[in-house]
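Below is one structure; the comments refer to it alone.
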Amino acid sequence: MTPATALIPGLDGIVRQGNAERGLEATRRIADLFFEDATKLRPEHINLFDGLLIDLVPFADLPTRIDLAERLSRLRRAPRAVVSRLARDDEVAVAGPLLRRSLVLDDPVLIAIARDKSQGHLLAMAERTRLSAHMTDVLVRRGDRDVVRRTAANDGAAFSPRGYAALIHRASSDGVLTLTVGRRDDVSDDHLRQLLAGALDVVRRRLFDVVPPDKQARIKQALAELADAAQATGSTRNFVPAQRTILSLYEAGALDQSALFGFASEHKYEEVIAALAAMTGLKIATLDRLMSGDRHDPLLILGRMIGLDWRTVHALILLRLGLKRVPAQRDIDAIRVNYARLLPSTAERVVAFWKTRH
């Protein structure tokens, strides 16, 4: 330890004077000295190096910070303050290795970083061997599509009831996420039912194909329950008056997007379903089932197939949710992006499948 302690007087001067060149050299020398015997150092020695390096990290250039973070991330015992400092680095190349695997970082530190840093930081965090429910709450809430998918695919991730609900909500507009969540060992029967509700048949079939036999049985049961619920719901609605209204509009040449938007804005559910049936060629029972699901995908597909603008699709989404459920603006923005990306040819193929299926 003599070489390290001998550097302390010189370090004070470097830090006070802000000499970048000397600071960089001192950082490299002390880091090399630490890693020579890192696995053998006692806690007090690790604390000493922590105190030496913490003031020098600001002098380190990017390659030095990357190298230091990579080497520290693989140690079970590492200088805590330095690790925390590097894990907060704006450069994901620096913070990433520590966020992925450092055992020195505890939940409070990780959660604080997850609340403030970039999606790249969150993506690295989602790869940790273990993720607590407190961590996944933040990752699912703040993360983009890639972050949420990777978090859901992490077998070591735990989810709170609120986190799982948010995860399933995110899956409502992401077929890949639906498959990922559906394969998780901890998905309950209730969550599985929510996940499958309103899902495209192609996604349901794909999920059924990739899960083991015991979960296939659970999927069959969930789908049977959903079918029973949809049938019970459908039997309470009377679409006959709405069909008469839509027929009159059709004969008058007034059944268009403007009429559909008006029905949706006024929350006239039966008229909307009857209008969509006339405009798409789908059966009312099929549209009623799709509209009653937990996903927005069918509305996006129908809208793109018949060429609806976003304002009308948005009105249909609000109708489906009901007056008491106001979606977050972030969710609406994400749905709008998905709608813009949806190809008419894809929508037409899906609707054609629905017609042959039902």
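The values are calculated or read from the model by the stated rules, or taken from the named source; none is laboratory data. A quick note: this is a predicted structure, and the numbers were derived from the prediction, not measured. FYI the Cβ positions are ideal-geometry reconstructions off the backbone, even for glycines, and counts take in every protein chain you see. These area figures cover heavy atoms from the full protein model, side chains too; ligands, DNA and RNA do not enter into them. Shrake-Rupley method; radii C 1.70, N 1.55, O 1.52, S 1.80 Å.
The alpha carbons of the chain occupy a box of 94, 45, 34 Å along the principal axes, longest dimension given first. What the stretch 106-195 shows is 43 Å² of accessible area per residue, with the surface traced by a 1.4 Å probe over protein heavy atoms.
Assign one of three labels to the stretch 74-158, namely rounded, prolate or oblate, based on the Cα gyration tensor with a ≥ b ≥ c the square roots of its eigenvalues; rounded applies when a/c is under 1.5, prolate when it is not and a/b is larger than b/c, and oblate otherwise. Prolate shape, in that a/c is at least 1.5 and a/b is the bigger ratio. Our estimate of slack between Arg244 and Val176, defined as 0.36 nm per intervening residue step minus the Cα-Cα distance, is 20.5 nm. Site pair His45 and Arg349 shows an inter-label distance of 6.3 nm when each label is modelled 7 Å from Cα along Cα→Cβ.
Using just its DSSP H runs of length 4 or more, each adding -39500 (n - 2.57), the chain gives a mean residue ellipticity at 222 nm of -22000 deg cm²/dmol after division by all residues.
Projected label points at Asp209 and His169, each 7 Å from Cα along the beta carbon direction, are separated by 3.2 nanometres.
Ordering 96-108, 77-89 by mean Cβ neighbour count within 10 Å, with the highest value first, yields 77-89, 96-108.
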